[in-house]
């Protein structure tokens, strides 16, 4: 990928940190003011929060930071600038140390800033060219410039009594001595080389290169090879973490070399699935392959770009194997496509959506599905009734209730089976709930209203989750949208009838021949119901028909254990097994490698 076409790391951070942008907007009069305020935030705080982000400031940005402010004393092109003023506003120790109302205190502050402060803050590489020239300019005019100490030398001299004792700048010999000392030893001794212009290179005569001579060595673009770096939540116990773990199984089944870069999903999520530990690294330098596959959302891929820096992306072919649940992409995140070279879509639904919003190549690449890690678990161990016919719905409370729509499952269950029917039950398995969330309190109350409903609110290991699916009789999901629908496919792999909204990703594998699709009506996504979506996006999704869902639940109850249900595992495996998807990945990667080698 050409870095020139990619979103800059600083722009990526600005997109991600909408909290900072919103806070700054409250005091900014224009968009330009907001951008400049964000630049100051980046210099003073953002660089520490994103230490691996390799932001390169433009010369205009550097000049805006270091340009002497109007109305402030300035000499030789140096004076109070925006960055130093912001430092004084954010660090109480500086006004105590330097009295800016005093000429002596003012110049002492400038001396500290250029000879110590910039280096303490790691900002010495951000100084603009005009300021560097001013620092290198002669501080005296009594003799030719080449024989006079520069302003940088004088600012350093002002800060150190020992230098003042040795070099009397009122005398030509003192000025010459300071110049010689600084040039020979002082710049290195005080670590100021970044602010000292390098000596002019020697003039080399132009020579004619003989025909056939080898060109100079440069940075070559990596030649694509079959191996891939898989990037995602390797240890995270959430659906998208399972996407990464399944991608590994697909590579293993097809003989595609791989290495895994683990990304931290956040401290609020459990990260105890160590199944991939021996394949993982946290070190970008340890990634050996020329192709990256990001098994993350587009938004998290942008976060990785902001946090890890361009080193992960440069010289590699970057593929976003991105999930998304809505038929539209949020406009504010259009820039996410700039950090990848192509997109893999898990379903026809997401492929159609991606194709509408990017000119990057979009390829249908279904997610692998496997239940090989299943640990058989008894109903008694799980705290479930032994003799009831059990419908199951598994969801993450962090995945947004409006989309997962568990309330509809409860309502459809009540419609399908009157309270007098004690031979049926509903199991709702969730995790990452928040006791102080009113939505969670209301959901608990809805579950408690029907004694046939069992609520499991805890994180289970992956083998136990699959054991739970096996221990139940049927699966139901009345989602408003799904990017793929992994839990539905896993239930089918275990021979369970599935009742689900006939919309979005799951329609690739669930229809009237393979399950119990539920009718729906199109409704807009309400403000606040889904992240990143605004009214300008025109987002919509499905509202399942509860009466039809109740009918389908009754039909599914009658089909469980039938010969039809016993055929479900083979139907899913022949399309979504790691071996099948792995071969599909291998063929696509190999074709791209072959094309690159022909160029």
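The values are calculated or read from the model by the stated rules, or taken from the named source; none is laboratory data. Given the structure is predicted, the values throughout are model-derived calculations rather than measurements. When we count neighbours, we look across all protein chains shown, and the Cβ atoms used for this are built from the backbone with ideal geometry, even at glycine.
Please go through the stretch 79-121 and give me each residue that is in a loop (DSSP other than H, G, I, E, B) and in contact with a helix residue (DSSP H, G or I) (Cβ under 7 Å, 6 or more places away or on another chain), ordered by number.
Passing the criteria: 98, 99, 100.
Only one of 82, 48 is under 21 Å from residue 8 (Cβ atoms), surrounded by fewer than 17 Cβ atoms within 10 Å (Cβ to Cβ) and free of Cβ contacts under 8 Å to residues at least 60 places away in the same chain. Can you tell me which?
The conditions single out 48.
Give the residue that is nearest to residue 385 (Cα to Cα), with candidates limited to residues of the stretch 430-456 that are assigned to a loop (DSSP other than H, G, I, E, B) and modelled with pLDDT of 95 or more.
So the residue we want is 452.
Return the residue satisfying two criteria in turn: it lies in the stretch 240-268 and is surrounded by fewer than 19 Cβ atoms within 10 Å (Cβ to Cβ) and at pLDDT below 95, and of such residues it is farthest from residue 593 (Cα to Cα).
268
Considering only the stretch 277-296, state which residues are crowded, with 19+ Cβ neighbours inside 10 Å and not in a strand (DSSP E or B).
287, 289, 290, 295, 296
Here is a check on your reading of the model: is residue 546 surrounded by 12 or more Cβ atoms within 10 Å (Cβ to Cβ), in the same structural domain as residue 486 (by TED's automatic domain parsing), without any contact (Cβ under 8 Å) to a residue 60 or more places away in the chain and more than 28 Å from the chain's Cα centre (by Cα)?
no
Within the stretch 182-196, which residues are out of contact with any helix residue (DSSP H, G or I) (no Cβ under 8 Å at 6 or more places or on another chain) and either over 17 Å from residue 120 (Cβ atoms) or not assigned by TED's automatic domain parsing to the domain that holds residue 133 (or both)?
Those that are out of contact with any helix residue (DSSP H, G or I) (no Cβ under 8 Å at 6 or more places or on another chain) and either over 17 Å from residue 120 (Cβ atoms) or not assigned by TED's automatic domain parsing to the domain that holds residue 133 (or both): 183, 184, 185, 188.
With respect to residue 427, determine if the residue is in a strand (DSSP E or B) and over 30 Å from residue 318 (Cβ atoms).
In short, yes.
From the list 568, 589, which one is outside the structural domain of residue 405 (by TED's automatic domain parsing) and surrounded by 15 or more Cβ atoms within 10 Å (Cβ to Cβ)?
589
Kindly list, by first and then second residue, each pair from a residue in the stretch 572-599 that is closer than 9 Å to residue 254 by Cβ to a residue that is modelled with pLDDT under 95, limited to pairs with Cβ atoms under 8 Å and residues at least 6 apart or on different chains.
Listed pairs, sorted by first residue: 586/226.
Within the group 179, 135, 155, which residue is more than 19 Å from residue 109 (Cα to Cα), in contact with a strand residue (DSSP E or B) (Cβ under 9 Å, 6 or more places away or on another chain) and surrounded by 16 or more Cβ atoms within 10 Å (Cβ to Cβ)?
Result: 179 is the single residue among 179, 135, 155 that is more than 19 Å from residue 109 (Cα to Cα), in contact with a strand residue (DSSP E or B) (Cβ under 9 Å, 6 or more places away or on another chain) and surrounded by 16 or more Cβ atoms within 10 Å (Cβ to Cβ).
Scan the stretch 5-35 residue by residue and report those that are within 14 Å of residue 49 (Cβ to Cβ) and within 14 Å of the chain's Cα centre (by Cα).
9, 10, 12, 13, 14, 16, 17 - these are the residues of the stretch 5-35 that are within 14 Å of residue 49 (Cβ to Cβ) and within 14 Å of the chain's Cα centre (by Cα).
Just checking, does the stretch 496-503 include any residue being in a helix (DSSP H, G or I) and either modelled with pLDDT under 95 or closer than 17 Å to residue 350 by Cβ (or both)?
no
If you go through the stretch 559-570 one residue at a time, do you hit one that is part of a loop (DSSP other than H, G, I, E, B) and in contact with a strand residue (DSSP E or B) (Cβ under 6 Å, 6 or more places away or on another chain)?
Checked the stretch 559-570: at least one residue is part of a loop (DSSP other than H, G, I, E, B) and in contact with a strand residue (DSSP E or B) (Cβ under 6 Å, 6 or more places away or on another chain).
Go through 146, 176, 210 for me and flag whichever is farther than 21 Å from residue 113 by Cβ, at pLDDT below 95 and in a loop (DSSP other than H, G, I, E, B).
Step by step, each of 146, 176, 210 is checked, and only 210 is farther than 21 Å from residue 113 by Cβ, at pLDDT below 95 and in a loop (DSSP other than H, G, I, E, B).
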